[in-house]
Amino acid sequence: AARDRSWIATDAGVTLAVGDSALLLGDWRFGATSILDVHGDPRGNIFLGTEGGGLAGLFFASSGNGSLTSSDSTLAGMNITAIDDRGFGELWVLNNSGKLYRVRYNESEFLDFVDFDFRCDTRSDDLAVTREGERWLVANPEVGEFGDPGVCRDLATDPPALVDRPLLTAGVAASEVSIDADGRIWVAALAQSGDGGGVLAYEVVNPELV
């Protein structure tokens, strides 16, 4: 939530509520377009991953009224399934094919979109981004696809380093990844045959290693 407000994604848009009574403050509708992810940045802007409508932004920082802006043709027609921000006007998003995109923006609009392709040598389902710009991605190939499940670390280079990105949790059916305020990496793991699900925590002890 941004500015201590709660944002609720629905199958037809996004709703803004506040307080224990869920007082309705705003209701942005997109017709038949479902919202797959909601992300708020430190400035109070809200970004929406839509089903089939690309990325949308509700920019509050400049006007305070929630100016709605949609992404350009780069992401048009895509399902945006995961969003995270680095701060400094920089978003990272995944589409339903598992490809990674960097999106830069200012106080009122999107500025540019860059295709970073597949970063874990296979599709990715979720991501978390550090303030230094490292991307931690959940690798989750579908049945019959190349690659293994797990979490990989993508270094903060621009353009991204063309290096092998080994999975840190090889064999673990990861579903989500998050980074806490101390920089620890938290991974949600699905239950598998002979192995229960749970939560794994990692700490980077040598930032120079991939």
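The values are calculated or read from the model by the stated rules, or taken from the named source; none is laboratory data. All values derive from a computational prediction rather than experimental measurement. Reconstructed Cβ throughout: ideal geometry from the backbone, glycine too, with neighbour counts over all protein chains shown. Side chains included, ligands, DNA and RNA excluded: accessible areas come from the protein's heavy atoms. Shrake-Rupley method; radii C 1.70, N 1.55, O 1.52, S 1.80 Å.
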With the condition being modelled with pLDDT under 85, of a type outside the set (A, V, I, L, M, F, W, C) and farther than 20 Å from ASP117 by Cα, I'd like the strands (runs of 3 or more DSSP E) fully within segment 1-100 carrying at least 3 qualifying residues. 23-29, 67-70
Hey, can you tell me all the residues within segment 108-139 that are among the β-branched types (Val, Ile, Thr) and assigned to a strand (DSSP E or B)? VAL114, VAL129, VAL138
A careful count of residues in segment 32-56 that are β-branched (Val, Ile, Thr) and open to solvent by 30 Å² or more (accessible area, probe 1.4 Å) gives 2
Can you name the number of the only condition in (1) modelled with pLDDT under 85; (2) surrounded by 15 or more Cβ atoms within 10 Å (Cβ to Cβ) that GLY144 fails? (2)
Selection from segment 75-96 of residues that are farther than 24 Å from PRO42 by Cα and open to solvent by 50 Å² or more (accessible area, probe 1.4 Å): ALA76, GLY77, ASN96
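Yes/no per residue for (1) modelled with pLDDT of 80 or more; (2) in contact with a Pro (Cβ under 6 Å, 6 or more places away or on another chain); (3) among the acidic types (Asp, Glu):
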{"site": "ASN106", "(1), (2), (3)": "yes, no, no"}
{"site": "ASP121", "(1), (2), (3)": "no, no, yes"}
{"site": "LEU137", "(1), (2), (3)": "yes, no, no"}
{"site": "PRO149", "(1), (2), (3)": "no, no, no"}
{"site": "LEU155", "(1), (2), (3)": "no, no, no"}
{"site": "ALA161", "(1), (2), (3)": "no, no, no"}
{"site": "PRO166", "(1), (2), (3)": "no, no, no"}
{"site": "VAL187", "(1), (2), (3)": "yes, no, no"}
